[in-house]
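Q: Have a look at this one.
The values are calculated or read from the model by the stated rules, or taken from the named source; none is laboratory data. Note that the structure is a prediction, hence the values are computed from the model and not measured. Every residue, glycine as well, gets a Cβ built from its backbone with ideal geometry; the counts of neighbours run over all protein chains shown. When the accessible area is computed, the model is the full protein with side chains, heavy atoms only, and any ligands, DNA or RNA have been set aside. Shrake-Rupley method; radii C 1.70, N 1.55, O 1.52, S 1.80 Å.
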Amino acid sequence: MDSLTQIVLGAACGEAVLGKKIGNRALLFGAIGGTIPDFDVFIGRFLYSNEIQAMAFHRGFMHSLLFAFLGCFIFGWITYKLYNTGKREETTTLKNWILLFFWAIFTHPLLDCFTPYGTQLFAPFSNYRVAFNNISVVDPFYTLPFLVCMIILMFLNRSNTKRTWWLKTGIYISSAYMIFTVFNKLYMDVVFKKSFEKAGINFNRFSAQPTIFNTILWYAVAETEENYHLTFYSLFDKKSISEKIITIKKNHDLIDMTDANLQTLRWFSNEYYNVSKKEKIGTYKYVDLRYPTLNPEDPNTSIFNFTIFNKDNEWDILPFDGTRPSKEDFTKFIERIKGI
């Protein structure tokens, strides 16, 4: 999920392990531990000159179970050596710091598994991306109550028993909301399956996920031999199925997608993608159709798209080269949340 959410969750882990011993410092170190896996964004760009490979590196090994097990010992030992000096000597143990970093790092990819982006939880042994698709990568309904609880907790003395109460409250509220999104996902899958079947679409597979910032408006893409079919459904819709379905061509044969980098891009999109020519010769628009359009009525408002081009016999991308969302598109998005 987004960085703020991972900071809050990491801080909660720090509080649970070392809050009673070092107070708010535990929140700080937990927050640091919770952000460590996302440093793969910067490391990927340092390791790879190709944007496709750098993008694929994100949520790879540094978001894996193996990294959590190895990283907790490395970061725990470093922090223990730096922290336990002077007046703070013997106030904490090496085991404390290993546990703090384990839970802060481990819960990061675990939380990411619930998002559509997914994470390579079993890297480097497998590049399979675990993605349950039940919560958006940014969802304030999950984050804000948790954040409020952590802020209140900060103003309490570390020996105050209410500090533990606020920690548990934040965890319970966020966990309850996550469980709700899981059941909501199961319900939405049924809605979309019925919607496609009612429309006479004999799909091979489909994928459904919530739209950004909420779990009310959902988006689904169904795949047939030649086309993709896109649709939206809101919990506030009066009908039990979605009747407005947009069909777009795959255009997978527009360019040779067997290139190694393009194969990586296809893997990244889980094969839900559309290709079209752009005005500049030699450039193509690649749309990752796992993610919804901003305007539910316009398939050209997809935000998660790239310009791909071939340079020196190597395919690369200019990331997120989409048209800036218009006020009208955003208005259409808000209106669709309200239901039809």
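Q: Take the eigenvalues of the Cα gyration tensor for region 3-132, scale each by 5, and report the square roots as semi-axes in whole Å, largest first.
A: 28, 15, 12
Q: Within 10 Å of each candidate Cβ there may be at most 15 other Cβ atoms; applying that plus a DSSP loop requirement, which GluC sites (Glu not before Pro) in region 219-310 survive? Can you show the working numbers first?
A: On the way: sites: Glu223, Glu225, Glu226, Glu243, Glu271, Glu279, Glu297; in loops: Glu225, Glu226, Glu243, Glu271, Glu279, Glu297.
Hits after loop and neighbour filter: Glu225, Glu226, Glu243, Glu271, Glu279, Glu297.
Q: DSSP loop (so not H, G, I, E, B), at most 11 other Cβ within 10 Å: list which chymotrypsin sites (Phe, Trp or Tyr not before Pro) in region 137-235 pass both filters.
A: Numbers: sites: Phe141, Tyr142, Phe146, Phe155, Trp165, Trp166, Tyr172, Tyr177, Phe180, Phe183, Tyr187, Phe192, Phe196, Phe203, Phe206, Phe213, Trp218, Tyr219, Tyr228, Phe232, Tyr233; in loops: Phe155, Phe203, Phe213.
Sparse-neighbourhood loop chymotrypsin sites (Phe, Trp or Tyr not before Pro): Phe155.
Q: Also: Determine the relative contact order of region 212-263: mean sequence separation of Cα pairs under 8 Å and six or more apart, normalised by residue count, in whole percent. Please list the in-between numbers first.
A: Values: 53 pairs, mean separation 14.7, N = 52.
Normalised by residue count, the contact order of region 212-263 is 28 percent.
Q: Can you report the principal axis dimensions of the chain using only the alpha carbons, biggest first, rounded to whole angstrom?
A: Cα extents, longest axis first: 68, 53, 35 Å.
Q: I've got another one for you. Of Lys250/Lys280; Lys311/Lys332; Lys168/Lys327; Lys185/Lys277; Lys185/Lys249; Lys239/Lys278, which sit over 31 Å apart, Cα to Cα? The partial results should precede the final answer.
A: Numbers: Lys250/Lys280 21 Å; Lys311/Lys332 38 Å; Lys168/Lys327 40 Å; Lys185/Lys277 35 Å; Lys185/Lys249 27 Å; Lys239/Lys278 38 Å.
The pairs that break the limit, which is 31 Å between Cα atoms, are Lys311/Lys332; Lys168/Lys327; Lys185/Lys277; Lys239/Lys278.
Q: Next up: Convert each backbone phi in region 232-242 into a coupling constant with the Karplus relation 6.51 cos²θ - 1.76 cosθ + 1.60 (shift: θ = phi - 60°), then list the ³J(HN,Hα) values in order as whole Hz, x for Gly and Pro.
A: Using θ = phi - 60°, the values come out as 10, 8, 10, 4, 8, 5, 6, 8, 7, 9, 8 Hz.
Q: Moving to a separate point now. Charges only on Cβ, +1 for Lys and Arg, -1 for Asp and Glu: so what's the dipole of the chain about the Cα centre, in debye to the nearest 20? Numbers along the way, then the final one.
A: Working: 36 positive and 31 negative charges, 289 e Å.
Charge dipole, the chain, about its Cα centre: 1380 debye, nearest 20.
Q: So for each of 107-119, 62-74 I average, over its residues, the number of other beta carbons within 10 Å; can you give me the resulting order with the highest mean first? Before the final figure, lay out the partial values.
A: Values: 107-119: 21.8, 62-74: 18.6.
Listed from highest to lowest mean packing, they are 107-119, 62-74.
Q: Please list, or write none, the lysines whose alpha carbon is within less than 17 Å of the alpha carbon of Lys162, excluding same-chain residues fewer than 8 places away.
A: Hits, sequence-local ones excluded: Lys20, Lys21.
Q: Still on this structure, please answer the following. Using only the alpha-carbon atoms of region 119-169 as identical scatterers, what base-10 log of I(q)/I(0) does the Debye formula give at q = 0.18, 0.26 Å⁻¹?
A: So the normalised log intensities are -0.70, -0.91.
Q: How much accessible area per residue does the chain have, in Å², with a 1.4 Å probe?
A: Details: 17340 Å² over 340 residues.
Per residue, the chain has an accessible area of 51 Å².
Q: Also, quick follow-up: At a threshold of 8 angstrom on Cα-Cα distance, excluding pairs fewer than six apart, so keeping six or more, what relative contact order does the chain reach in percent? Mind showing how you got there, number by number?
A: Working: 626 pairs, mean separation 43.0, N = 340.
This gives 13 percent for the chain.
Q: Under 8 Å for C-alpha pairs, at least 6 residues apart: give me the relative contact order for region 3-132, rounded to a whole percent.
A: Reported as a whole number, the value is 27 percent.
Q: When only DSSP loop residues count, what trypsin sites (Lys or Arg not before Pro) in region 202-286 have their Cβ near at most 11 other Cβ atoms within 10 Å?
A: Those that pass, being in a loop and sparsely packed, are Lys238, Lys239, Lys280.
Q: Dimensions of region 188-338 along principal axes (Cα, Å, largest first)?
A: Rounded to whole Å, the extents work out to 54, 35, 22 Å.
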